[in-house]
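Take a look at the structure below.
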Amino acid sequence: MSNRRNFLQAMSSLPFVGSIFAGGVTAAPTTRDFFKELGVRPFINAAGTYTTLTASLMHPEVMAAINYASKTFVPLNDLHDAVGKRIAELLGCEAAMVTSGAAAALTAGTAGVVAGKNPEWIKRIPDIAGTGMKSEVIVQKSHRNGYDHAVRNCGIKLIEVETAEEIERAINEKTAMMFFFNDADPKGQVKLEQFVAIAKKHKLPVLNDAAADAPPTEHLSKYTKMGVDLVAFSGGKGIRGPQSAGLLLGRKDLIEAARLNYSPNSDSIGRGMKVNKEELLGMMVAVEVYLKRDAAAEWKEWERRAKVVIDAAKSANKAISGEVYVPPIANHVPTVRIKWEKSALNLTADEVRKRMKEGTPSIEITPGNTPAAEASQSFSVGIWQLQPGEVDIVAKRLKESLV
Ligand SMILES: *Cc1c(COP(=O)(O)O)cnc(C)c1O
């Protein structure tokens, strides 16, 4: 008889310890209402994939993969390699890695470019002065956004430019990379294709932040196929993977370098951005499910929901109008905008938002995506994160709240 069996037998003969092995710990969670216990109020998500609103819900197949992963030990780097390889095959890019989010993918990618595979440099980031590491990243002024902190935390300096000519002039021996914010493409003077062409001419890598840009599905392969060296996506927005997961896709040598600058390597900038076996498998399965889904049917359902919401809002008061808009790049899904004339309805968007949130059930709607002057008489409703049946609850409550 093995020592382990002896041990288990001895343990199970003790009544208290035995109950732990008999499932006393694992059985409990199914019957507990944790959010109620903690006094945290759940809500219907009529907003969208906002991180502070917990973004999206994981598909049951993703949860099954997470549960599967939770039950056994595996070598973490082997799983990282294998999952990365599978995701790269699925998306048709050279290489891929799972990170703890798109922001972590930006850091991993930047560190991979700046420190490469140099063990001394990997340890030094973000303290890169005087090391010989290239320290400048070129970005268009209109592409600056809060998330570029995840690039700056590698110790580099962002060099702002506006025109193609300025990019050419800014490139020097200290230039490490060129950074692009996909959603800002229409705002920048240099479009992605030209941006990539300039980078290629100077043999500089491009990192593209496309965090919120799936759907459409095609975006997951579009940018790597057009020659962008590294592309970052959120795993937990439209793709419905774990919230604490993201994807870095692109060139094999750069992904390898990014991996070395990342957890589980202790002395690296990415060590605090750990992904464990659960996120790795969960993210992989989320990509599989995402690619298999019926995107056309999904879109049709979103349009149906948008109409239900607009009809309900309009039926509340004839001064109210509604329309569907589809943001061009990020959050590219049918979204409802409701508005009214100030003179016809004495109500502010904030008041509507408050009524929706504080009623039962609580419903979160998005802030109006409109010019500031109209913002108090306008708000948006995101319908794509609603669960089956919820649109009718949202419609009813909206009608009641618009009086
Ligand atoms: C959401 C978002 C991120 C961060 O994504 P996480 O997966 O939450 O880390 C980065 N960039 C942009 C443009 C985003 O919209």
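The values are calculated or read from the model by the stated rules, or taken from the named source; none is laboratory data. Computed from a predicted structure; not experimentally measured. Ideal geometry is used to build each Cβ from the backbone, glycine not excepted, and the neighbour counts take in all protein chains shown. Protein only, heavy atoms only, side chains kept; ligands, DNA and RNA dropped before computing areas. Shrake-Rupley method; radii C 1.70, N 1.55, O 1.52, S 1.80 Å.
Overview of values
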item	result
Rg over Rh [alpha-carbon atoms, Kirkwood Rh] for segment 79-136	1.06
Normalised convex hull volume, segment 60-292, alpha-carbon set, Å³ per residue	103
The chain - share of DSSP beta bridges that are antiparallel (%, nearest 5)	50
For residue 324, solvent-accessible area (1.4 Å; no DNA, RNA or ligand), Å²	80
Residue 94 accessible area, 1.4 Å probe, all protein chains in place, Å² to nearest 10	120
Net dipole in debye of the chain [+1 Lys, Arg Cβ; -1 Asp, Glu Cβ; about Cα centre; nearest 20]	560
Cα lying deepest toward the dipole's positive end in the chain, options 224, 387, 184, charges on Cβ	387
Dipole-positive endmost among 273, 287, 242 within segment 242-293 (Cβ charges, Cα centre)	287
Projected area averaged over orientations for segment 295-401, convex hull of C-alpha atoms, nm²	6.6
Span from the segment 196-240 Cα centroid across to the segment 120-136 one, whole angstrom	25
Stokes-Einstein translational diffusion, segment 118-220 - Kirkwood Rh over all Cα pairs, 1.002 mPa s, 20 °C, in µm²/s	149
Equivalent ellipsoid, the chain (semi-axes from 5 times Cα gyration tensor eigenvalues, Å)	38, 35, 18
Equivalent ellipsoid semi-axes - Cα gyration tensor, segment 27-71, angstrom	22, 19, 8
Accessible area of segment 60-292 divided out per residue, in Å², using a probe of 1.4 angstrom	42
For segment 310-358, accessible area per residue (1.4 Å probe, heavy atoms of protein chains only), Å²	54
List 93, 154, ordered by accessible area with a 1.4 Å probe, largest first	93, 154
Probe 1.4 Å, all protein chains present, accessible-area order of 90, 248, largest first	90, 248
Kyte-Doolittle mean at least -0.5 and Cα axial length at least 27 Å: DSSP H helices in the chain	none
Whole-percent carbon and sulfur share, accessible surface of segment 260-393, 1.4 Å	52
